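Participant: Can you read through this structure? Questions will come right after.
The values are calculated or read from the model by the stated rules, or taken from the named source; none is laboratory data. Source: prediction; values computed, not measured. Every residue, glycine among them, receives a Cβ derived from its backbone with ideal geometry; neighbour counts consider all protein chains shown. Areas reflect the complete protein model, heavy atoms only, side chains present, ligands, DNA and RNA absent. Shrake-Rupley method; radii C 1.70, N 1.55, O 1.52, S 1.80 Å.
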Amino acid sequence: MSSCQRVARPLIQSIHQNALLLQTSTSFVRSFSKTSVRHDDVTPDSTTSATPTPPTPPPSSSAKSINQLDAAAAAEATKLRMQERLLDPNTTTAHWAERKLMRTGTPPVGSRRRRAALRSSQNVPFEQLPYQCFQEARKILQEDRQEKLQDLARELAKIKRLEETPADQVPGGQRKKDLRLKSLRKYVEELKILVDINDPIVKRRFEDGLGDMNKPIYRHLAEKKWRGLPYRIITQRIEQLHIVPDVLPKFEPVADVELYFRRKKVEPGEILDSRVSEVSPRLKVQVFNAGERLVSVAVVDLDVPNAETDSFDRRCHYLAANIPISPNQPSLPLGKVNKETQLAVPWLPAFSQMGAPYHRLAVFVLEQKDGATLDITKLRELYSGRDGFSLKSYQDKFPLKAVGVNIFRTVWDEGTAAVMERAGVPGADVQFKHKRVYSLKPPRKARGWEAKRSKPKYKSLWKYSRRIHGLNRRR
């Protein structure tokens, strides 16, 4: 075959295909037509005349109702399928669907832009996306990961050799050996993070909420995310609401503590309805270091008014200890703790009496040092009275360290009296009023224009002095 034939062959094939397609489409033109046959389309030599077809009878009322029911059922089925599609957490983009999924406890996956892209894509695996630049970048990242893995293997070999070496053969003895092992293990943890820090699949799993928090990389990403806006908000609330020094002389949160009342997430410092706080809340305590530990939870009201001393006292609303948590199990429902071995003081709803300012309720999470178990019987003896609870004293008496906090507030509202009655708390009929403080200065005498024109002679001018500060209006 010559070169001319090779060049012309695709053109000829294309012309043949277009001609075949044109013939096929023209041969079925009349079969899809719904209009009646024109009179001039009939051939003149045809002698047979077509018999007129009788008109179709109109549908009866029962047939119409059946058709309407079928159409309504089909429309309802289509609507249900659309709702199911919009309620898919992987592809939904509707605002109402996102809010509904959040209320049901299955939040949407990733960002709205990413879900819209997934809905319109062909479900290509993430690592097989057909973008040359993306694949070349992944090759570079894989090479860097292999280098980090080699460094990690060398450091692990160093640790193994140092552990097998007797302390008397190490310069500096056992102390130097322990310091060296501690430094090497810290560097190994950093390398474990650097191995996967640039992996797009790891970042995607973390954004989707599918990361294994037992792995250092996911704990690192979670802490980095928390150190952004959530950390700044909680530290701001600690300073604004004077949690330090009213509760503890100094405190720095190192764990993320989220507060939920009846599936509603409470923002730090939010004022809650007293009826919402009747049910004990659920905490989500996310720690960022490996391993399981025991924690104690204390809920303290910092603004209990004391009319006798004209000051404020503290009251314990909840106290529990010996609760295990880990990075992979952050959920901590306060109403489901063991009443025999963990619960010291049961939950008391938040309330404030009429006329009193808002009450600050601080939810503190305290880590029990070295996994020590606290005696619940002793805690009940000390704090069952609730009043006069001091978190600093509690922290000093037992091996505890505060690691996280969340705050909410409560005021007197329309449901507080009923909440106090159901909880068996007296004082719903007590109202606090501000005591007026009178000035100790003597009344100021009239001077200048006021003194000169305070006589009845100038009574017509008194109307102009009504708005003068300090001038008696009753003359």
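A quick yes/no check of all residues on (1) at negative phi; (2) at pLDDT 60 or above; (3) in a loop (DSSP other than H, G, I, E, B); (4) surrounded by 10 or more Cβ atoms within 10 Å (Cβ to Cβ):
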{"residue": "ALA50", "(1), (2), (3), (4)": "yes, no, yes, no"}
{"residue": "PRO54", "(1), (2), (3), (4)": "yes, no, yes, no"}
{"residue": "SER62", "(1), (2), (3), (4)": "yes, yes, no, no"}
{"residue": "SER65", "(1), (2), (3), (4)": "yes, yes, no, yes"}
{"residue": "LEU69", "(1), (2), (3), (4)": "yes, yes, no, yes"}
{"residue": "ALA72", "(1), (2), (3), (4)": "yes, yes, no, yes"}
{"residue": "ALA75", "(1), (2), (3), (4)": "yes, yes, no, yes"}
{"residue": "THR78", "(1), (2), (3), (4)": "yes, yes, no, yes"}
{"residue": "GLU84", "(1), (2), (3), (4)": "yes, yes, no, no"}
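Participant: If I ask for residues that are open to solvent by less than 70 Å² (accessible area, probe 1.4 Å) and either assigned to a helix (DSSP H, G or I) or within 20 Å of PRO89 (Cβ to Cβ) (or both), which ones from the stretch 221-235 would you list?
Facilitator: Taking the stretch 221-235 first, the residues open to solvent by less than 70 Å² (accessible area, probe 1.4 Å) are 221-223, 226, 228, 230-231, 233-235.
Hits for the stretch 221-235 are LEU221, ALA222, GLU223, TRP226, PRO230, TYR231, ILE233, ILE234, THR235.
Participant: Considering only residues that are in a loop (DSSP other than H, G, I, E, B) and in contact (Cβ under 8 Å) with a residue 12 or more places away in the chain, which ones fall in the stretch 195-214? Spell out the reasoning first.
Facilitator: Within the stretch 195-214, the first condition is being in a loop (DSSP other than H, G, I, E, B), and the residues that meet it are 197-199, 208-214.
Once the filter is applied, which keeps residues that are in a loop (DSSP other than H, G, I, E, B) and in contact (Cβ under 8 Å) with a residue 12 or more places away in the chain, the stretch 195-214 yields ILE197, ASN198, ASP199, ASP208, GLY209, ASP212, MET213, ASN214.
Participant: So, one more: Kindly indicate which of GLY355, GLY385 is out of contact with any strand residue (DSSP E or B) (no Cβ under 6 Å at 6 or more places or on another chain) and of a type outside the set (A, V, I, L, M, F, W, C). Don't jump to the end; show me each part of the working.
Facilitator: Numbers: GLY355 fails: out of contact with any strand residue (DSSP E or B) (no Cβ under 6 Å at 6 or more places or on another chain).
Exactly one of GLY355, GLY385 is out of contact with any strand residue (DSSP E or B) (no Cβ under 6 Å at 6 or more places or on another chain) and of a type outside the set (A, V, I, L, M, F, W, C), namely GLY385.
Participant: Let me ask something else. Examine the stretch 341-348 for a residue that is open to solvent by 10 Å² or more (accessible area, probe 1.4 Å) and of a type in the set (S, T, N, Q), and state whether such a residue exists.
Facilitator: yes
Participant: Among the listed residues ALA356, ALA372, identify the single one that is in contact with a Phe, Trp or Tyr (Cβ under 9 Å, 6 or more places away or on another chain), open to solvent by 30 Å² or more (accessible area, probe 1.4 Å) and either within 30 Å of LEU294 (Cα to Cα) or in contact (Cβ under 8 Å) with a residue 24 or more places away in the chain (or both).
Facilitator: Values: ALA356 fails: open to solvent by 30 Å² or more (accessible area, probe 1.4 Å).
After applying the criteria, what remains is ALA372.
Participant: Moving on to the next point. Considering the stretch 206-220 alone, what residues qualify as being among the aliphatic types (A, V, I, L, M) and open to solvent by 30 Å² or more (accessible area, probe 1.4 Å)?
Facilitator: So the first thing to find is which residues in the stretch 206-220 are among the aliphatic types (A, V, I, L, M), and the list is 210, 213, 217.
Selection gives LEU210 alone.
Participant: A follow-up question, please. What do you reckon, is ASN328 open to solvent by 30 Å² or more (accessible area, probe 1.4 Å) and over 19 Å from SER352 (Cα atoms)? Break it down stepwise before answering.
Facilitator: Working: open to solvent by 30 Å² or more (accessible area, probe 1.4 Å): yes; over 19 Å from SER352 (Cα atoms): yes.
Judged against the criteria, ASN328 is a match.
Participant: Could you check, for the stretch 390-402, whether at least one of its residues is of a type in the set (Asp, Glu) and open to solvent by 80 Å² or more (accessible area, probe 1.4 Å)? Even if it seems obvious, please write down each step before you answer.
Facilitator: So the first thing to find is which residues in the stretch 390-402 are of a type in the set (Asp, Glu), and the list is 396.
Restricting the remaining residues to those that are open to solvent by 80 Å² or more (accessible area, probe 1.4 Å) gives 396.
Yes, the stretch 390-402 contains at least one residue that is of a type in the set (Asp, Glu) and open to solvent by 80 Å² or more (accessible area, probe 1.4 Å).
Participant: Residue under question is ILE217, and the condition is that it be assigned to a helix (DSSP H, G or I) and touching a residue at least 40 places away in the same chain (Cβ under 8 Å); does it hold?
Facilitator: On the way: assigned to a helix (DSSP H, G or I): yes; touching a residue at least 40 places away in the same chain (Cβ under 8 Å): no.
No.
Participant: Pull up the stretch 311-320, narrow it to residues that are in contact (Cβ under 8 Å) with a residue 60 or more places away in the chain and surrounded by 21 or more Cβ atoms within 10 Å (Cβ to Cβ), then point me to the one that is farthest from the chain's Cα centre (by Cα). Quick ask: steps written out before the conclusion?
Facilitator: So the first thing to find is which residues in the stretch 311-320 are in contact (Cβ under 8 Å) with a residue 60 or more places away in the chain, and the list is 313-317, 319.
With the extra rule that they be surrounded by 21 or more Cβ atoms within 10 Å (Cβ to Cβ), the set shrinks to 316-317, 319.
Details: CYS316: 27, HIS317: 25, LEU319: 25 Å.
Checked the stretch 311-320; the qualifying residue farthest from the chain's Cα centre (by Cα) is CYS316.
Participant: Let me ask something else about it. Which ones in the stretch 266-278 are open to solvent by 70 Å² or more (accessible area, probe 1.4 Å) and within 20 Å of the chain's Cα centre (by Cα)?
Facilitator: Taking the stretch 266-278 and keeping what is open to solvent by 70 Å² or more (accessible area, probe 1.4 Å), we get 267, 271, 275.
Within the stretch 266-278, GLU267, ILE271 meet the criteria.
Participant: Additional query: Out of LYS182, LYS192, report the one residue that is assigned to a helix (DSSP H, G or I), exposed (fewer than 12 other Cβ atoms within 10 Å of the Cβ) and either touching a Ser or Thr at 6+ places or on another chain (Cβ under 8 Å) or at pLDDT 90 or above (or both). Give the derivation first.
Facilitator: Working: LYS192 fails: exposed (fewer than 12 other Cβ atoms within 10 Å of the Cβ).
The conditions single out LYS182.
Participant: Continuing with this model, one more query. Exactly one of (1) modelled with pLDDT of 95 or more; (2) under 22 Å from GLY269 (Cα atoms) is unmet by ALA320. Its number?
Facilitator: (2)
Participant: Can you tell me which residue is nearest to the chain's Cα centre (by Cα) among those in the stretch 279-303 that are over 24 Å from LYS397 (Cβ atoms) and among the hydrophobic types (A, V, I, L, M, F, W, C)?
Facilitator: Checked the stretch 279-303; the qualifying residue nearest to the chain's Cα centre (by Cα) is PHE288.
Participant: When only residues in the stretch 110-168 that are touching a residue at least 12 places away in the same chain (Cβ under 8 Å) and of a type in the set (Gly, Ala, Ser) count, which is surrounded by the most Cβ atoms within 10 Å (Cβ to Cβ)?
Facilitator: So, considering only residues that are touching a residue at least 12 places away in the same chain (Cβ under 8 Å) and of a type in the set (Gly, Ala, Ser), the one surrounded by the most Cβ atoms within 10 Å (Cβ to Cβ) is GLY110.
Participant: Out of THR373, THR341, THR377, report the one residue that is polar (S, T, N, Q) and touching a helix residue (DSSP H, G or I) at 6+ places or on another chain (Cβ under 7 Å). Outline the logic, then answer.
Facilitator: Numbers: THR373 fails: touching a helix residue (DSSP H, G or I) at 6+ places or on another chain (Cβ under 7 Å); THR377 fails: touching a helix residue (DSSP H, G or I) at 6+ places or on another chain (Cβ under 7 Å).
Exactly one of THR373, THR341, THR377 is polar (S, T, N, Q) and touching a helix residue (DSSP H, G or I) at 6+ places or on another chain (Cβ under 7 Å), namely THR341.
Participant: Could you grab me the full set of residues in the stretch 236-268 that are in a loop (DSSP other than H, G, I, E, B) and under 24 Å from PRO107 (Cβ atoms)?
Facilitator: Step one: filter the stretch 236-268 for residues in a loop (DSSP other than H, G, I, E, B), giving 241-242, 247-255, 262-263, 267-268.
Scanning the stretch 236-268 gives PRO253, ALA255, ARG262, ARG263, GLU267, PRO268.
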